[in-house]
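Trainee: What follows is a structure written as structure tokens; I'll ask about it next.
The values are calculated or read from the model by the stated rules, or taken from the named source; none is laboratory data. All values reported here derive from a predicted model rather than from experimental measurement. Using ideal geometry, Cβ is built from the backbone for each residue, glycine included, and neighbour counts are taken over all protein chains shown. For accessibility, only protein heavy atoms count, side chains too; no ligands or nucleic acids. Shrake-Rupley method; radii C 1.70, N 1.55, O 1.52, S 1.80 Å.
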2 protein chains.
Amino acid sequence: MALGEDPAGMAGDAHVVFIGRIRSPWSERSQCPKNLRQAREDGATATVEIDPPYRDGLLGLDGVSHVIVLYWMDRARRDLIVQHPRHATRAKGVFALRSPVRPNPIAMAVVKVLGLDQAAGTIAIDAIDCLDGTPLLDVKPYYASTDAVPDAVVPQS
Amino acid sequence: MALGEDPAGMAGDAHVVFIGRIRSPWSERSQCPKNLRQAREDGATATVEIDPPYRDGLLGLDGVSHVIVLYWMDRARRDLIVQHPRHATRAKGVFALRSPVRPNPIAMAVVKVLGLDQAAGTIAIDAIDCLDGTPLLDVKPYYASTDAVPDAVVPQS
């Protein structure tokens, strides 16, 4: 089900700046894991690359075990609001899915930090589910106290 | 420490659309909890309001216990890259902080769903740490399998 107006063609209410890129092993959609679980099973690591103007933002991240990465799924269409994923038994709204196709194609992943190089602006991470070169929007420290809900439930579709 | 160029004044690499608003009990910064832990301790619930064109996106969210909410901290400046929060003993980069002040002022909260009204476009949630009327960017289902890391560590600052 499509939106009446495609957000990609709208004027926009605010703008984002790309502060870096994600370096992943995948340069084509056909190779790319469909989600973070698949990516983790693949066992391939990745790198978050931060552009020079923003590298000071990494100060104090040492010792942080996990980060939240926000990235811009720049190849995803934005005009669908209900979708029928191949793995699901019924159609679902985009807010009930983690599909990159959504009005604002912002993906979120919780990843393990394997290494940090502030001067080079890089964070080595255990896995990611996007194409090489995907634009980076933000990195945040992951706090188990508020971000971890081990007993959260999503019903089987 | 300020950035050489303020992202707020840059052309932007992509645009976001506001798909709704967050209704919270706080209309002034002085009342607003500083983070989600504080908000939860306050015990005040909140509501995610989705605008009519996007309400079909809630289809299939019933039964989901927790959602990830992405919202746009529209009052936050974007030009600081290192900050010294009042509670911290030393200055930190924005990627080591959950401060709303960052190049892309996107906040992320994991919240409990208390109620869902697809026709009205509302999700009642247990807590939020932003001002009433804060623009909404996205809602995603929370998957414990990939989003919950109970043993994640952030060293004491």
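Trainee: At 7 angstrom along the Cα-to-beta-carbon line, where would the label on A:Ala120 sit relative to the other copies? Give the distances in nm, shortest first.
Mentor: Label-point distances to the other copies, shortest first: 5.3 nm.
Trainee: I would also like to ask the following. Please quote Rg/Rh for the protein assembly as shown to two decimal places, taking the Kirkwood radius as Rh and restricting both calculations to Cα atoms.
Mentor: Using only Cα positions, Rg/Rh for the protein assembly as shown is 0.93.
Trainee: Hey, what do the phi angles of the range B:42-55 turn into as Karplus ³J(HN,Hα) couplings, whole Hz, using 6.51/-1.76/1.60 and θ = phi - 60°, x for Gly and Pro?
Mentor: Taking θ as phi minus 60°, the curve returns 4, x, 8, 7, 8, 9, 9, 10, 9, 5, x, x, 9, 5 Hz for the range B:42-55.
Trainee: Any chance you could get the radius of gyration and Dmax over the Cα atoms of the range B:41-149, in Å?
Mentor: According to the Cα coordinates of the range B:41-149, Rg and Dmax are 15.5, 48 Å.
Trainee: With r defined as the distance between the Cβ atoms of A:Ala120 and A:Asp6 and R0 fixed at 41 Å, what FRET efficiency is calculated, to the nearest 0.05?
Mentor: Calculated value: 0.60.
Trainee: Exceeding 20 Å between C-alpha atoms, which entries from my cross-link table qualify? They are A:Lys140/B:Lys34; A:Lys34/B:Lys112; A:Lys92/B:Lys140; A:Lys92/A:Lys112.
Mentor: Correct reply: A:Lys34/B:Lys112; A:Lys92/A:Lys112.
Trainee: Another one. From the label point of B:Gln38, set 7 Å along Cα to the beta carbon, how far off in nm is each other copy's matching point, shortest first?
Mentor: With the label placed 7 Å along Cα→Cβ, B:Gln38 yields 4.1 nm.
Trainee: Please identify the trypsin sites (Lys or Arg not before Pro) of the range A:1-84 that satisfy two criteria: DSSP loop assignment and at most 10 other Cβ atoms within 10 Å. Which are they?
Mentor: In loop regions of the range A:1-84 (DSSP not H, G, I, E or B), the sparsely surrounded trypsin sites (Lys or Arg not before Pro) are A:Arg29.
Trainee: Going by a 1.4 Å probe on protein heavy atoms, which residues of the range B:97-122 end up with at least 20 Å² less accessible surface in the whole assembly than in their chain alone?
Mentor: B:Arg98, B:Arg102, B:Pro103, B:Asn104, B:Ile106, B:Met108, B:Val110
Trainee: If you don't mind, there's one more thing I want to ask. For the modelled label position 7 Å from the Cα of B:Thr89 along Cα-to-Cβ, which residues of the range B:126-157 have backbone nitrogen atoms closer than 11 Å?
Mentor: B:156-157
Trainee: How big is the Cα convex hull of the range B:1-82 in projection, averaged over all directions, in nm²?
Mentor: Mean orientational projected area (the range B:1-82, Cα hull): 8.1 nm².
Trainee: Using a 1.4 Å probe and counting only protein heavy atoms, how much accessible surface gets buried when A and B come together, both sides summed, in Å² to the nearest 100?
Mentor: When A and B are taken together, about 6400 Å² of accessible area is lost.
Trainee: Sticking with this one: Find every distance from the label point of A:Asp51 to the corresponding label point in the other copies (7 Å from Cα along Cα→Cβ) and write them in nm, one decimal, shortest first.
Mentor: Nearest first, the other copies' label points are 2.7 nm away.
Trainee: Compute, for A:Leu80, the solvent-accessible surface of its heavy atoms (probe 1.4 Å) with the complete set of protein chains present, and express it in square angstrom to the nearest 10.
Mentor: Around 40 Å² of this residue is reachable by solvent.
Trainee: Residues of the range A:70-96 losing 10 Å² or more of accessible surface, assembly versus chain alone, probe 1.4 Å, please list them.
Mentor: A:Leu70, A:Trp72, A:Arg78, A:Ile81, A:Val82, A:Arg90, A:Ala91, A:Lys92, A:Gly93, A:Phe95, A:Ala96
Trainee: Next question, about the same structure. Tell me, what is the per residue accessible area of the range B:86-134 in Å², probe radius 1.4 Å?
Mentor: Heavy-atom accessible area per residue stands at 35 Å².
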